[in-house]
Amino acid sequence: MNKILGIVLIIAGVALAIWGYNIFDSASSQFSRAFSGDAPIEAWAGMIGGAVCILVGIMKVK
């Protein structure tokens, strides 16, 4: 059961990280970064949350 949960966490983490990167790389985000220098919090939350899910998933699979 733990291995299945780990695999699900890895898949969800990859999807979350990709979603966060897509937000970070969007045209509106680039426009916002050009003037304010700040990236949207959703982008950081997606990328960091995805990385955490991947790490926890790897630990569960081992």
Worksheet item: Rounded to the nearest whole Å², what accessible area per residue is found for the chain with the 1.4 Å probe?
Response: 70
Response to the item:
So, over other residues within a Cβ distance under 15 Å of V56, counting Lys, Arg +1 and Asp, Glu -1, the net charge is +3
Discussion item. Per residue, how big is the convex hull of the chain when only Cα atoms are used? Give it in Å³.
Written reply: 53
Discussion item. How high is the relative contact order of the chain? Use alpha-carbon pairs under 8 Å, at least six apart in sequence, and give a whole percent.
Written reply: 57
Response to the item:
Packing-ranked peptide list from 36-42, 46-52, highest mean Cβ count within 10 angstrom first, is 46-52, 36-42
Fill in: Simple label model, 7 Å out from Cα along Cβ direction - I7 to R33, nm
3.5
Discussion item. At 1.4 Å probe size, with the rest of the protein present, what percent of the exposed accessible area of the chain is carbon and sulfur atoms?
Written reply: 74
Discussion item. Between helix 27-36 and the chain, what is the angle of the helix's C-alpha long axis to the longest principal axis, kept within 0 to 90° and rounded to the nearest 10?
Written reply: 60
Worksheet item: How far, in degrees from 0 to 90, does helix 41-61 lean away from the longest principal axis of the Cα atoms of the chain, to the nearest 10?
Response: 10
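The values are calculated or read from the model by the stated rules, or taken from the named source; none is laboratory data. No experiment lies behind these values; they were computed from the predicted model shown. Cβ coordinates were reconstructed from backbone atoms using ideal geometry, including for glycine residues, and neighbour counts include every protein chain displayed. When the accessible area is computed, the model is the full protein with side chains, heavy atoms only, and any ligands, DNA or RNA have been set aside. Shrake-Rupley method; radii C 1.70, N 1.55, O 1.52, S 1.80 Å.
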